[in-house]
Amino acid sequence: MADSGQLALLLHDGVDAWNAWRKEYKGVVPDLSGAHLTKADLAGGGGVGANLYRANLRDANLFGANLQGVNLREADLSHAELGFTIFGDTNLSGTIGLEYCRHTGPSVVDHQTMMKSWPLPVAFLRGCGLPEALIEYFPSLVNEPIQFYSCFISYSTRDDEFVHRLYADLQVKGVRCWFAPEDIKIGDRFRQRIDDAIRLHDKLLIVLSENSVQSAWVREEVESCLEREQRENRTVLFPIRLDDAVMNTNEAWAASIRRQRHIGDFQEWKEHDAYQKGFKRLLRDLKPENKNGNDTR
């Protein structure tokens, strides 16, 4: 019978050789702990019950693979390709790089996998095609508090580059967010949907810049948000700025924000360290435990 090194070589030979070995040794649990399987083509492979603890599966092709009962604890799946992959009673505790997997189709993630491996990255669960409602409420089913408030990002299309970066980084960190640029809001067909989306999210994250502060939509959304705060007696509006426009404008809503709120500073967002500093502050403020009756954010 093959040892772990030989099994790893067998996997590199392709899924046909692997499946043939599994068929011949049906009662054997393959031990591939620590195996180097970078870029291995395991598409359609049957890894049922295998031990892949701390295995290196970076860039591996796991499309259509059956990983039922597989131990992937602390394995590295960074940039692995998934799609119609079966995670059934699979141990994903401490698995590295799940948020960076490439999804070419939906995958199966059962409740046993989730219970055994929780918490799992939101980006991974979304990529596998799990319903948003399940992703949102599963933490409460395992008695884990929700880590971050959800947020709706409102911005000008001219600030697309920044917002797409921010959105991607928030997703990786597990923050549920949705966004729409101001010009989409002009159409009546979209207005109700966007209004509903804003109401359904805990926070309104508004990106203030020279491109947005003079627009009627930003004034309306800020004023509407402030009214909601009064009704619900909690902080909803999270302003961040890309330049000094909000600090210099004479708009009444802007003056109110300057007096009452911390405005997240992303003026130097193209500089890595400055961006990370602002992003870490934003993440901290999106944690529910920071909410209190006297919060002025």
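Things to note:
- Residue pairs meeting the criteria (Cβ under 9 Å; at least 6 apart or on separate chains; first without any contact (Cβ under 8 Å) to a residue 24 or more places away in the chain, in the stretch 266-284; second β-branched (Val, Ile, Thr) and assigned to a helix (DSSP H, G or I)): none
- Criterion violated by GLU221 - all others in (1) crowded, with 16+ Cβ neighbours inside 10 Å; (2) of a type outside the set (Val, Ile, Thr); (3) not in a helix (DSSP H, G or I) satisfied: (3)
- Listing of helices (runs of 4 or more DSSP H) fully contained in the stretch 76-161 that carry 1 or more residues being under 22 Å from LEU282 (Cα atoms): 122-128, 132-141
- Subset tally (residues that are of a type in the set (A, V, I, L, M, F, W, C), modelled with pLDDT of 90 or more and part of a loop (DSSP other than H, G, I, E, B)) for the stretch 235-245: 1
- Considering the stretch 78-108, the residues that are acidic (Asp, Glu) and modelled with pLDDT under 95 include one that is surrounded by the most Cβ atoms within 10 Å (Cβ to Cβ), namely GLU99.
- Residue in the stretch 246-281 that is nearest to the chain's Cα centre (by Cα), counting only those that are surrounded by 17 or more Cβ atoms within 10 Å (Cβ to Cβ) and in a helix (DSSP H, G or I): PHE279
- Meets criteria (assigned to a helix (DSSP H, G or I), touching a Pro at 6+ places or on another chain (Cβ under 9 Å), under 24 Å from SER150 (Cα atoms) and modelled with pLDDT of 85 or more) for ILE206: no
The values are calculated or read from the model by the stated rules, or taken from the named source; none is laboratory data. The model shown is predicted, which means the values in this text are computed figures rather than measured ones. FYI the Cβ positions are ideal-geometry reconstructions off the backbone, even for glycines, and counts take in every protein chain you see.
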